[in-house]
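Presented below is the structure to which this report refers.
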Amino acid sequence: MRWALGFDIGGTKIEASQISSTGELGRTLRFPVPESTDATVDMIVSMAMDLRRDVQVEGIGFGIPGSLDHLGVLRNAPNSPQIEGIKLGDMLSTRLSGPLYFENDANCLALAEHKFGVAKGFSYVVGVILGTGIGTGVILGDRLFRGAHGWAPEPGHLPLNVQGRICKCGLKGCVEAYLSGPSILARYHECGGGRHVTTTQTLFEVTQDKVAESVLSETRALYTRFLGMLVSVFDPQAIVLGGGLSEQPLFQSVECHEIVANTFGTKETPRVFAAELGAESGKFGAAACVFGRH
């Protein structure tokens, strides 16, 4: 049996598992993220060496909260200050033998569901993470799409409204400025919503609140438009939705014909699925990098 190690490096914990090419899960290790860079790298190395003692692995995949630039430096990982801005690949490759692969969390979702999960058997897949941000991973012709320079796709920063809200990236009207959890809550308060609503979850649960009804209705319409944009650009057979917000009925209620109505000319309706692997997608997607040599 073929084996790989799959790591999920998060903001608060590091988790790693032995994962087979058929999706079987072996031993798993999980530890809180240390406070310093050196201690974090030491922990990753120690976990990898421990898990390699009883299986022969083809390589190690790392699901990371950002992306490696052309110099191997981890970028865009504000929730992981211990490793942001360092040459993570170099630091690990000098201490761990064998092939190492690094992929961001949205790409890991797409890879995991394509190889092991609900999108297995589809060659054209879009994976979307709805949470504190909007992440997207795309499989085209059974291959992960990265673009010419390795950082694509980022449709979460395409404009829904060019004169709209300022996104945290600095641009105006981005998808993320309207559909991420913090943005939905912020829009509610900007429209005069009550101060008693302090979390996105509470906003989804309030009743008899006209501001909430208006904001959530707009959110659903913009979300449907966003999925239509993805269909127009990538023409997927399947869309897989992950992240905490994807579990909300507001997002689950959108039907395929509504998505197609927001496209130009297509008559082919993609399947829309909830992610099957959930919180495990980081590890499984990282392992898929090893087996697929993505």
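Data overview
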read-out	value
Over region 123-260 - Rg/Rh using Cα atoms and the Kirkwood inverse-distance radius	0.98
Ratio Rg/Rh [Cα only; Rh per Kirkwood] for region 180-236	1.09
Ranked by how many other beta carbons lie within 10 Å on average, peptides 106-112, 258-264 from highest	106-112, 258-264
Residue pairs, from the table Lys168/Lys283; Lys13/Lys168; Lys13/Lys172; Lys120/Lys210; Lys120/Lys267, whose Cα atoms sit over 30 Å apart	Lys13/Lys172; Lys120/Lys210
Amide H within-cut-off set for Cys174, under 5 Å, with H built and near neighbours excluded	Leu160, Cys167
FRET E, pair Asp38, Arg2, Förster distance 51 Å, beta-carbon r, rounded to 0.05	0.95
Phi to ³J(HN,Hα) by Karplus 6.51 cos²θ - 1.76 cosθ + 1.60 over region 258-271, Hz, x for Gly, Pro	5, 5, 4, 5, 9, 10, 9, x, 6, 10, 8, 9, x, 7
Distance between modelled label sites at Lys172 and Leu140, nm, 7 Å Cα→Cβ extension	3.0
Compactness of the chain - radius of gyration and Dmax, Cα, Å	19.6, 59
Taking the C-alpha atoms of region 71-130, convex hull volume expressed per residue in Å³	126
Integer Hz, Karplus 6.51/-1.76/1.60 couplings in order for region 32-40, x for Gly and Pro	x, 6, x, 7, 9, 4, 4, 5, 5
Expected-Rg normalisation [2.2 N^0.38 Å, Cα atoms] applied to region 1-129	1.04
Extended-chain gain in nm, criterion 0.36 nm per residue less alpha-carbon gap, Arg30 and Thr266	80.5 nm
Kirkwood Rh and Cα Rg combined as Rg/Rh, region 190-294	1.06
Whole-Hz ³J(HN,Hα) from phi, Karplus 6.51 cos²θ - 1.76 cosθ + 1.60, for region 115-122, glycine and proline x	8, 10, x, 5, 9, 4, x, 9
Stretch gain in nm, segment Thr132-Val45, where the contour uses 0.36 nm per residue and the Cα spacing is subtracted	28.4 nm
Counted charge near Thr94, where neighbours are those whose Cβ lies closer than 14 Å (Asp, Glu -1; Lys, Arg +1)	-1
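Just so you know, all these numbers are worked out from the coordinates, no wet-lab data involved. Keep in mind that this is a model prediction, so the values were computed, not measured. Cβ sites come from the backbone with ideal geometry, for glycine too, and all protein chains shown count toward neighbours.
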